[in-house]
Amino acid sequence: VFFAVFGNLLVEQLAQLIRSVPALLENVIDWVNRTFDTDLDPDALLESLGIELTDLTSYAADLGVGLLSVVFSAVGAVFNLFTVLLFAFYFAADGPRLRKTVASWMRPQYQRTFLTVWDISTQKAGGYVISRLIMALISAIFHGIVFYIIDLPYWLPMALWVGLVSQFIPTIGTYLAGALPIILALAQGEWVDAVIVLIAVTAYQQVENYYVQPRVTQSTLEIHAAVAFGSVIVGASLFGATGALLAIPVVATLQAVAETYGRRYELVDELRDPDELAALPQARPPGDAVG
């Protein structure tokens, strides 16, 4: 349904974006000259880099002609996605049997622990992906409406970019997602549009943080922001982009397992807040008889 409704528009806007690279470069240089009172020449700048404007136009045209291969690659990626989803479906459909098979290799005293960890992992991973997809869809729809109203060039790819990047790249995804449409608006010389995009992205982020996300993820994972940030850094350094994407559900699973099987103790008085100490019953002096 998505490709039938938006596929043609998406391909056309991507083709226009690729072919307009030389014009975008000239607009950026003109903006720099007007803003910083410089006298940069696009041809001289490209010549200093060993590139001519005609070459850049030729490259952009070649990219536009080769867009068909990009589309085929995108279709291939979609089929790969369906392959993953098909595998996930069979994995979920045969989940009970697979769980029994794996548990049968364990001693009886460990099977209940394995069952609990399995259920927690499935719940956290599934809840994370579903909540991210829902929030990405909501974000893309909101930003798409705003970009369409202000007539931002390539509004559909930009809306999809903001929706997906802001949700599936943790912590810094919002800033990366909002930067591209702002730069695009500035490259077109539209300061007002750039400010509107900045306000829209910032305002939506606040609404999402306080209203949308808590309601979408109220039954899924919840971890501290500092823990999420640290887990993303560690995951990215160890396993790249895949590690950054999977870091939060993995840490949430470990946290849930620790809370399930861990044991908490009461704090000593030195670690309690004054209000908590005041609410505690007064201790009896040593030697006092209990009536």
Discussion item. On a 1.4 Å probe surface of the protein chains, which of D37, D273 comes out largest in accessible area, and what is the full order?
Written reply: D37, D273
Worksheet item: Given R₀ = 51 Å, FRET efficiency for D41-F114 by Cβ-Cβ distance, to 0.05?
Response: 0.15
Worksheet entry | Apportionment of accessible area to carbon and sulfur, segment 105-173, percent (1.4 Å) | 72 percent
Item to complete: Obtain the nm distance between the two label points defined at N209 and L133 by a simple spin-label model: each point lies 7 Å from its Cα along the Cα-to-C-beta direction.
Response: 2.8 nm
Fill in: Burial order of peptide ranges 158-167, 97-106 (average beta-carbon count within 10 Å, highest first)
158-167, 97-106
Worksheet item: In nm, to one decimal, how far is the V195 label point from the L85 one, both placed 7 Å along Cα→Cβ?
Response: 4.3 nm
Practice prompt. Please calculate the 1.4 Å probe accessible area of Y204, with all protein chains present, and give it to the nearest 10 Å².
Written response: 20 Å²
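The values are calculated or read from the model by the stated rules, or taken from the named source; none is laboratory data. Computed from a predicted structure; not experimentally measured. Neighbour counts are summed over all protein chains in view; Cβ atoms, including those assigned to glycine, are modelled from backbone coordinates with ideal geometry. Ligands, DNA and RNA are excluded from the accessible area calculation, which covers all protein heavy atoms including side chains. Shrake-Rupley method; radii C 1.70, N 1.55, O 1.52, S 1.80 Å.
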